[in-house]
2 protein chains.
Amino acid sequence: MSCSTLVAVLGRGVVGDAPVLHADDLGLTRGDGCFEATRIEVDESGRVHVDHLDAHLARLQRSAAALAIDVDEAAWRALLDEALAAWSVPGEAVLRWMLTRGRESDPTPTGVVTITPIDARTTSAREGITVVTLDRGHRADAFADAPWLLGGVKTLSYAVNLAAGREAARRGADDAIFVSSDGIVLEAPRAAVVWRRGERLATTPTEGTGVLASITCDAALSAAAADGVPVDRELIDVETLLAADGIWLLSSGRLLAPVTAIDGRAIAVDDGWTERMRRFVRGR
Amino acid sequence: MSCSTLVAVLGRGVVGDAPVLHADDLGLTRGDGCFEATRIEVDESGRVHVDHLDAHLARLQRSAAALAIDVDEAAWRALLDEALAAWSVPGEAVLRWMLTRGRESDPTPTGVVTITPIDARTTSAREGITVVTLDRGHRADAFADAPWLLGGVKTLSYAVNLAAGREAARRGADDAIFVSSDGIVLEAPRAAVVWRRGERLATTPTEGTGVLASITCDAALSAAAADGVPVDRELIDVETLLAADGIWLLSSGRLLAPVTAIDGRAIAVDDGWTERMRRFVRGR
């Protein structure tokens, strides 16, 4: 970890750059836990701004409930406050916090917070990215009535999400968009997909699809609706997506990444709309 | 971790009961790595026997290759030798080793070994278990031509496997058997399924199904074939499974767990065949 990364541990506070997780922690042995990540920014006066902290804390509660792991919200808020108070690097950073089921020998949940300066790959994605579509292996309705599949739960078990990113790179693209086995556009491995058709914006519904409820996407689409833009939640196929008037990936670190090509086919990019979307993501 | 658990770390050797993993290790942050586990036994003379070590090392190599993580096999063998040499607790234990992609700030793979005495829940499962069937959300052929879905790769991203175990417990059962969305029997969350029809034994094929290539199952079915028992790899539905003359879950720790009921329906148990299966699992 670079010296500029900060680490804090639930029950201990801010710690140095030493190992924090035991060998029998279920977060390591089974990816058994959940996490949140959001963007923070330190302004010229040294003040730290955190994007959507309450919404991220609420989503962690939902993920933990789906995993049957207890969350001590007051302890988490205190730990996040302590970590943020100790952070003063100017500019953007990613605040991430992870909750595991704890050790096999001691089922007290483990909590770890990191703050890391945002990397160049993340910020450059805001200029535009190419993507490939990848089959996610399940139908668009696979998660209805199957809570053990953890659809929409932001677990630490992200190996497939990262493998999809490597497959995209192998094909010369920057990122991927998952498609269900019945041909429905789902989400990116670490971002939501939003498309524009004419004056309407849309994204994939989360119910039954396993798609994560993206806080950045929800905030942007709420701002768009408040600005008079019709917003839909709809199941569309890849051909319909390819015919969209604009496509963006939305996530808490990159914020807004305009998609310039899918599977080698150019996607329409309207700079005016992308600038408008940026304002929606910023909530204004 | 109890005092009787041993921990060793790649590049360091046997260590004490202190944290071993950094906060930015991809094994924690993304479940991005793979693992192996096998049974060991210390006999009266203090000698350690390890089940199928070469086969487990070969499977780790395959998992790591699928994840594009380098494996230094000589270093792993030396570390496992060191851990085993330091272990002298009489009776059975589980040897587990985990390989992660390393830290976000330093992509040197992380390797951790643990040895833990086998627990009572594992040994009692050998007397018989009840199971429920759970939809796995994908078709039986979902993993053909989709390597990014990591079918058959023993990753650290096991959150769904553990959630399935909790769902089984919630329904009053000991374990689960995953079924594909098109109704095909796949595997248990942490074990292979073997069934008997008359004088034939069978299990689910691994090709395309995402089913892990179980070393315990392969060894047992090879021993059965050597004993003249016909062995099939076949796709069957749940009704066909329920009509089997015997069903067992096979895995490296529990070894052989006879299934006594599925979804509340009693399953035939033939003690003679279970004893025969035990001999096949032991390779004799």
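Residue check: is B:Ala225 under 26 Å from B:Leu60 (Cβ atoms) and within 17 Å of the chain's Cα centre (by Cα)?
Working: under 26 Å from B:Leu60 (Cβ atoms): yes; within 17 Å of the chain's Cα centre (by Cα): no.
No; evaluated as a whole, the condition is false for this residue.
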For the range B:108-135, name all the residues that are within 30 Å of B:Ala266 (Cβ to Cβ), within 13 Å of another protein chain (Cβ to nearest Cβ) and either part of a strand (DSSP E or B) or not aliphatic (A, V, I, L, M) (or both). B:Asp119, B:Arg121, B:Thr122, B:Val132, B:Thr133, B:Leu134, B:Asp135
Which of the residues spanning the range A:174-189 are buried (at least 21 other Cβ atoms within 10 Å of the Cβ) and of a type in the set (D, E, K, R)? A:Asp175, A:Glu187
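How many residues does the range B:64-75 hold that are under 24 Å from B:Gly13 (Cβ atoms) and in a helix (DSSP H, G or I)?
Matching residues across the range B:64-75 total 4.
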Restricting to the range A:33-48, name every residue that is more than 18 Å from the chain's Cα centre (by Cα) and either in a strand (DSSP E or B) or surrounded by 19 or more Cβ atoms within 10 Å (Cβ to Cβ) (or both). A:Val42, A:Val48
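Working only within the range B:88-107, note down all residues that are more than 12 Å from chain A (Cβ to nearest Cβ) and without any contact (Cβ under 8 Å) to a residue 24 or more places away in the chain.
Just the residues of the range B:88-107 that are more than 12 Å from chain A (Cβ to nearest Cβ), to begin with: B:88-93, B:95, B:107.
B:Pro107, the sole residue that qualifies.
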Close pairs (8 angstrom Cβ cut-off, 6 or more residues apart or separate chains): closer than 14 Å to B:Met98 by Cα in the range B:61-78, part of a helix (DSSP H, G or I) and charged (D, E, K, R) anywhere: B:Gln61/B:Glu73
Going residue by residue through the range B:52-63, is there one that turns out to be in a strand (DSSP E or B), touching a Ser or Thr at 6+ places or on another chain (Cβ under 7 Å) and within 22 Å of B:Gly283 (Cβ to Cβ)? no
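Test A:Thr240 against the criterion of being among the hydroxyl-bearing types (Ser, Thr, Tyr), closer than 22 Å to A:Ser181 by Cα and modelled with pLDDT of 95 or more, and give yes or no. Step through it out loud before you land on a result.
Values: among the hydroxyl-bearing types (Ser, Thr, Tyr): yes; closer than 22 Å to A:Ser181 by Cα: yes; modelled with pLDDT of 95 or more: yes.
Criteria met by A:Thr240.
Considering only residues that are within 13 Å of another protein chain (Cβ to nearest Cβ) and either of a type in the set (D, E, K, R) or surrounded by 14 or more Cβ atoms within 10 Å (Cβ to Cβ) (or both), which ones fall in the range A:63-78?
If we filter the range A:63-78 for residues that are within 13 Å of another protein chain (Cβ to nearest Cβ), which is where we start, we get A:63-69.
A:Ser63, A:Ala64, A:Ala66, A:Leu67, A:Ile69, listed by residue number.
Yes/no per residue for (1) within 20 Å of A:Gly33 (Cβ to Cβ); (2) small (Gly, Ala, Ser):
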| site | (1), (2) |
| --- | --- |
| B:Gly91 | no, yes |
| B:Thr110 | yes, no |
| B:Thr130 | no, no |
| B:Asp145 | no, no |
| B:Arg166 | yes, no |
| B:Ala192 | no, yes |
In the range B:156-188, which residues are assigned to a loop (DSSP other than H, G, I, E, B) and within 13 Å of chain A (Cβ to nearest Cβ)? B:Leu156, B:Ser157, B:Tyr158, B:Arg171, B:Ala173, B:Ser180, B:Ser181, B:Asp182, B:Leu186
If only one of B:Ala142, B:Ala83 is touching a residue at least 24 places away in the same chain (Cβ under 8 Å), more than 8 Å from chain A (Cβ to nearest Cβ), buried (at least 20 other Cβ atoms within 10 Å of the Cβ) and not in a strand (DSSP E or B), which one is it? B:Ala83
Scan of the range A:6-29 for residues that are at the interface with another protein chain (Cβ under 7 Å from one of its Cβ atoms) and under 21 Å from the mean Cα position of the chain (by Cα), ordered by number: A:Val7, A:Gly27, A:Leu28
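The values are calculated or read from the model by the stated rules, or taken from the named source; none is laboratory data. The shown structure was predicted, so the numbers you read here are calculated from the model rather than taken from an experiment. Using ideal geometry, Cβ is built from the backbone for each residue, glycine included, and neighbour counts are taken over all protein chains shown.
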